[in-house]
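This report refers to the structure that appears directly beneath it.
FYI, it's all coordinate maths here, none of it is from the lab. Given the structure is predicted, the values throughout are model-derived calculations rather than measurements. Ideal geometry is used to build each Cβ from the backbone, glycine not excepted, and the neighbour counts take in all protein chains shown.
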Amino acid sequence: MAEMKLEVCRYRKSDGFSTRYWAVYLDDQLLAVTLYRKGAQAVASALRASHGSSHSPTPDQPEKQSQGTAPRSNP
């Protein structure tokens, strides 16, 4: 089974500004936007479980966002 890249991070608008929403990206494609981080983590957890991955997200995992990088482009 191919390894999937699953990421939970703050949703950024196309102009680069961060929002209050959380995004779930699957293989660098926007999959879901939620209001709460726990909701985004639940989506990611369900995807991992459905794909048989043994990795589970930690609830206190720091936000994956670095300052000074270009905003993620949304199709």
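Brief remarks on what is shown
- Computed from backbone phi with θ = phi - 60° and the Karplus coefficients 6.51, -1.76 and 1.60, the 3J(HN,Hα) list for segment 33-41 is 10, 10, 7, 10, 4, 4, x, 5, 5 Hz; x is used for glycine and proline.
- Relative exposure of ARG37, ARG20, judged by other C-beta atoms within 10 Å (fewest first): ARG20, ARG37
- Residue-by-residue Karplus 3J(HN,Hα) for segment 12-19, coefficients 6.51, -1.76, 1.60, Hz, glycine and proline x: 10, 5, 4, 7, x, 7, 6, 10
- As a proxy for reagent exposure, SER18, SER45, SER50 were ordered by neighbouring Cβ count within 10 angstrom, fewest first; the result is SER50, SER18, SER45.
- Between amide H atoms placed 1.01 Å from N, distances below 5 Å from LEU31 occur with VAL24, TYR25, LEU26, all of them 5 or more places distant or on a separate chain.
- In Hz, Karplus ³J(HN,Hα) per residue of segment 20-32 (6.51, -1.76, 1.60; θ = phi - 60°; x = Gly, Pro): 7, 8, 10, 10, 10, 10, 10, 6, 6, 10, 5, 9, 8
- Computed label-point distance, nm, for sites CYS9 and VAL33 using a 7 Å Cα→Cβ extension: 1.6 nm
- Segment 6-50 shape via C-alpha gyration tensor axes, a/c threshold 1.5: oblate
- Residue order, fewest to most beta carbons within 10 Å, for TYR25, TYR36: TYR36, TYR25
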